[in-house]
Structure formats: structure tokens, C-alpha cells
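Notes to accompany the following structure.
Readers should treat all values here as calculations from the given coordinates under stated rules, not as data from a laboratory. Quick caveat: nothing in here was measured; it's all calculated off a predicted structure. A quick note on method: Cβ atoms are made from the backbone with ideal geometry, for glycine too, and the neighbour counts reach across all protein chains shown.
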Amino acid sequence: MTPVAEEESRIAEEESVELIDYLSVVWKYRLMIVAGTAALMAAAAVISLVAPRAYRASLLLEVGRVFVPGKGDGIDAVVLIENPQTTAQVMTSDGTLSDLRAFLKLDTPLSALRRALAVKVIKNDPDALLELTLTSDDPRRVLDGLTFLAERVIAEHRGRYEAGLALLDRKSQGLEEKIATSDLQRDSLHKEIAEVQEQIAAEGRYRTQLSADIDRLEADLARRRSEFATVKPNSTEAVIGQGVIQSLDMRVNDLKTERNKTYGRIAEWRASIYDLQDRMTTIQAQMTDSRSALVQLANTRARSENTNVRSAPVLPTKPVSPRTALNLTVAGVLGVMFFIMAAFLRSYLEDARRRRLFSSHNMLR
């Protein structure tokens, strides 16, 4: 077979590409692929070593709750000291970032500091949580920056929180004074009722004495009438006896009238006791309501709390960037892919060059 025929046969075989052909190309340029990938990984390692370290930490802040008295609707409520979204906006505002930059003694622009600080609202209600994340090249600066931001928000919210507590305390003091006054009124009513009951008892004893006197006088009157009817007195004795009988009769009637009056006085005093007891029931109900309101205020005070740190930040010990292992992995994968493509491109160019040489040789013949 002539050289030209051999070349034609080889080109025909190359045109029917199979998997073994791809593998042969990779094997043929293996040194270039390995060396190129190693060079890219070495460059990634050098970049990772010389790149500045970045440290990151997070802090979880819980927005507090404050007592707000009822206004138009008269309903008291315990609400968030501040909307979490508003708190997040304040923490990323230029004023806060300027104070943070001054505290950390940085000379970076506010835009860079804003990118380094992330404030995320995790929950709105009932538990309002904010996650603060700060990134910096100094781990101590990260911790100090998060602590500064948390203390700033807590200090700003403390005024509203303490004002709410002051309102609660004033309401509680008013209720306690009301309960004390009602207690004194109740004791006074107890004494009045006891005095009226003593008057009723004394009046009852007086009525019993009147009844005894009436019975005694009526018995004496009956005896005298009987004696006057059986004995025939002279005119003088008759006049005297009749006068005595009339006198005793009038005395009995007076005592009976007085006894009847005791019933009226006792009835009036009992009515006054009922009135006093009604007033005492009203005062007792007011005291019960006041004590219930006092318990509710105590529960409200227990629910009120200032903004606080739910999860404190931890001093970061490992940098979050550069991530050397990830950079090496990405460089290795990209290096292998790039240099394999370069190997196929080189193989294709070499084959194209051979085809041109073969065509030129045929034309010369």
C-alpha cells in the first residue's frame, strides 16, 4: 500500500470517532492537563493565602414589649416596643453606621460597612426576632460591633419600656389606694351595722320590759276591777277607786302605744341594716373588681420586657473567607475541564493541519 493510501485510510478511521478516541486524546495530552490544572490550583492556593481573612458572627435580638394604655377604645394592650422592620432600618441607617464606624475606628465608606452588616427579621409577632450578622477582617471587631449595635437598640428602647412600667405602676397604685379606701368604708359599715344591731337588741329588751310592765299593770287593773265590783265602797272610796282604775288603764294604754312604737323603730333599723348591707355588697364587688384588675396589671407587667439579646455572639475563630478548600476544588474542576477542552482543540487543529498537508500533496501529484 502506498503512503497516500495509508494516509487516506488513517483519515477515514479518524472520522469514525468512538469513546476510545476521546480517551486517547486525553491520554495523549495528559501532561498538559495535569500541569495546567496543577498550575490553576497553585494559583488559587496562592490567592487564598494572600487574600485578606474575613470573619463573621451573628447575634439574635428579641424586640421587647411595652404597656400602652387604652385611648379612644379604652382597651389597654401590651405591644411591641418598635416594629422589627423599623428597627432593622434604623440599624442600617447612615447615622447608626457612622456611629458604628467611629466606635470600631474604621475608615471604610458607609456603603462597604452596610454590605458587611446584615439585619434580618426572623419573626414579627408574637416574638419579634432580629438576626444581626457582621463581617470584618478582625474577629474582635466583629464581636465588639455586634455588641455595640445590640446595646444601642436596647438603650433606645429602654425609655419606652420604663415609661410603660411607670404607667402600670401608677395604675396599680391607684387600684391599691382604691382597695384601701373601700376597706375602710367596709369596716365603717361593719361598725354601723353592729351599732344598729345593738340598738335593735336594746329596743327588743326595752319592748320585753314594756310587755312585762303591761302584763303586771293589766293584772293589777283586773284585780282592782274585780274588788271594786264585789265590794260596795262609799262614794268617796268609789271616786278614788274609779280614779285609780282609770289611771292604771291610761298607763296600760300608754305602755302599749310605746310598745307598738318599738316595732316601728326596729323595722326602720332593720331597713337601714339592709341598706348598709347593700352598700357593703357594692363595696365588696368594687374591691373584687379592683383586685382582679390589680392581678391583670401584675400579669401585664410580667409580660412587659425590654429588648434583649436572645442569643449572644461568639468570637469567631475561623475565617469565612477565603475558603481555601472550596477555591482549590473549583480551580481543580475548572482546570480539568478547561485543559481537556484545550487538548481536544489542539488535537482538532493537528488533524486539520494534516488534512491540509494531505490535500496539498494530492494536488502536487
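Between GLY335, GLY264, GLY174, the GNM of the chain built on Cα springs shorter than 10 angstrom shows GLY264 fluctuating the most.
Tell me the label only: which of (1) 16, 19, 17, 15, 12, 9, 6, 4, 2, 1, 0; (2) 27, 53, 20, 0; (3) 31, 58, 11, 0 is P(r) over Cα pairs in 20 Å bins from 0, in percent as calculated from this structure? Here the calculated entry is (1).
The Cβ shell under 13 Å around ILE214 holds other residues with a net charge of -2, Lys and Arg each +1, Asp and Glu each -1. Listed peptides 219-229, 281-291, 136-146 appear in the order 136-146, 281-291, 219-229 once ranked by packing, highest mean of other Cβ atoms within 10 Å at the front. Mind running the shape call on the stretch 178-303? Use the C-alpha gyration tensor, a ≥ b ≥ c as the square roots of the eigenvalues: rounded below 1.5 for a/c, prolate if a/b tops b/c, oblate otherwise. Prolate. Would you pull out the residues with amide H under 5 Å of ASP76's amide H, same chain only if 5 or more places away, H placed 1.01 Å from N? Sorted by chain and number, the residues that satisfy this are GLY70. Residues considered: ALA57, ALA212, ALA77. Largest GNM mean-square fluctuation over the chain, using C-alpha springs under 10 Å, is found at ALA212.
Take every Cα pair under 8 Å whose residues are at least 6 apart in sequence, average their separation, divide by the length of the stretch 204-355, and the relative contact order is 24 percent. Considering only ILE245, VAL46, ALA166, the residue lying farthest towards the positive end of the dipole of the chain is VAL46, judged by Cα position with unit charges set on Cβ.
Of all the options ASN260, ASN299, ASN83, the one that moves most in a Gaussian network model of the chain with Cα springs shorter than 10 angstrom is ASN260. Peptides 342-352, 35-45 ranked from most to least packed by the mean count of surrounding Cβ atoms within 10 Å: 35-45, 342-352.
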